[in-house]
Each structure stands twice: as structure tokens, then as C-alpha cells.
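No lab work stands behind these numbers, since they all come straight from the coordinates. Worth saying up front: this structure is predicted, and the values here are computed from it rather than measured.
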Amino acid sequence: MADAPPGVQGEGFFAGKLSDVVGLARANSLWPLPFATSCCGIEFMATMASHYDVARFGSERMSFSPRQADMLLVMGTIAKKMAPVLRQVYEQMAEPRWVISVGACACSGGIFDTYSVLQGIDKVIPVDVYVPGCPPRPEQILDGILQLQELVKNESVRRRSSPEYVELLASYNIK
């Protein structure tokens with residue numbers, strides 16, 4: 001947060017920018033939507049369990065409805081037939097929305113360099129954070145969530161209506 005300007009200090013006063021407060025609130029209340037298709041989903045289940053407890057970071061409310069989530073976690077192998085479904089789930093999410101690609105298969109197709117496997121989900125939707133590994137450890141998934149929180153915390157409130165963001169979505173043919 002910013003330091004208080006002179007003359008606005010003391011008990012009962014708080015000085016800061018609205019965008020910083022909004023970023024802090026968004027970063028610490030991300031509602032994840034797990035899109036798990038294989039072994040990375042099992043590691044994510046361990047991340048949600050009591051030993052790692054992702055709830056400490058404000059992501060305790062799992063949302064299995066895209067309209068009530070703002071963080072999409074794509075985990076595991078995504079077949080090319082599944083790509084339109086993944087895109088539809090992404091499009092149903094309300095703005096602002098963020099995506100974490102978890103595991104080698106979601107990031108780059110993993111060991112499955114075949115005709116039927118999508119070679120990275122960034123071919124169909126924009127990705128904010130990549131978590132490598134096969135499968136990634138729960139600590140890595142938590143680190144990916146923390147990296148996304150930093151990104152969200154520092155994001156401008158107006159970024160989603162900027163020409164750059166509109167151009168990014170247009171490059172994926174998303175309106």
C-alpha cells in the first residue's frame with residue numbers, strides 16, 4: 001500500500017488507491033474451477049486437502065460452475081475433441097477471469113505428441129500462469145496460485161477493457 005500523505009495520518013485514517021484495494025480483494029478471494037482430466041487432478045485434490053490447504057490463500061470455495069468462478073485450473077491431458085468444451089467453459093466465466101495451466105500435458109501436450117492431444121491449452125484460450133511437472137507436486141500448484149495472486153494484485157482495474165486485452169481475446173477469436 002502507499003504511504004499516507006502528510007496531514008492524513010493518525011488513528012481512523014487510511015490512505016491508498018482504490019485499484020490497490022480492489023487488486024488485494026480480488027487476489028485473496030479467487031474462486032477456482034478445476035478442469036481436471038488425469039493425474040494432475042489427483043495432485044490438485046491433494047492440494048485441496050488438509051496437509052497443503054489451499055484455503056489459506058483465499059481459494060477455498062471450489063466452484064463447479066463457470067459462471068461463479070474466476071480462476072480456471074486446467075489440469076491434465078486435453079484431447080483435441082475436448083478443446084471446444086474447454087473454450088466454452090472459459091467463455092462462460094465472467095470477467096475478470098484467469099487461467100492456470102497445470103502439468104506438462106496442459107502446458108505443452110506432455111509426452112503425448114500425437115494427433116489427438118492438444119499441444120498446450122494456449123492454442124485455444126489465453127493462459128496466465130504455467131505450472132510445469134508430470135505431475136506437479138502440490139507445492140508447485142500452490143506456487144502457481146501465489147504467482148497468479150501477485151499478477152491479480154498488480155493488475156490495473158481497467159486492464160480488461162484495454163485495447164491490448166481486447167486484441168488478445170480477438171487473437172483467440174473470443175468476443
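When DSSP beta bridges are restricted to pairs lying wholly in the chain, around 5% turn out antiparallel. In straight-distance terms, cross-link reach from Lys80 covers every one of the aspartates and glutamates whose alpha-carbon lies under 17 Å from its own, apart from those fewer than eight places away in the same chain; here that gives Asp113, Asp122.
The lysines whose alpha-carbon is closer than 16 Å to the alpha-carbon of Lys153, local same-chain residues fewer than 8 away aside, are Lys17.
Under 5 Å between amide hydrogens, built in the peptide plane, is the criterion, and for Ala36 it picks out Met75 among residues at least 5 positions away or on other chains.
Between amide H atoms placed 1.01 Å from N, distances below 5 Å from Leu72 occur with Leu33, Trp98, Val99, Ile100, all of them 5 or more places distant or on a separate chain.
Phi-derived couplings, Karplus 6.51 cos²θ - 1.76 cosθ + 1.60 at θ = phi - 60°, listed residue by residue for the stretch 58-69: x, 10, 7, 8, 5, 10, 9, 10, x, 6, 10, 10 Hz, with x used for Gly and Pro.
Around the amide H of Gly110, modelled in the peptide plane, lie the amide H atoms of Cys105, all under 5 Å away and 5 or more residues distant in sequence or on another chain. From the largest down, the chain spans 66, 42, 24 angstrom on the principal axes of its Cα atoms. Compactness of the stretch 86-175 is given as radius of gyration and Dmax, 14.1, 41 Å, from Cα positions.
Under the criterion of Cα pairs below 8 Å and six or more residues apart, the relative contact order for the chain equals 22 percent.
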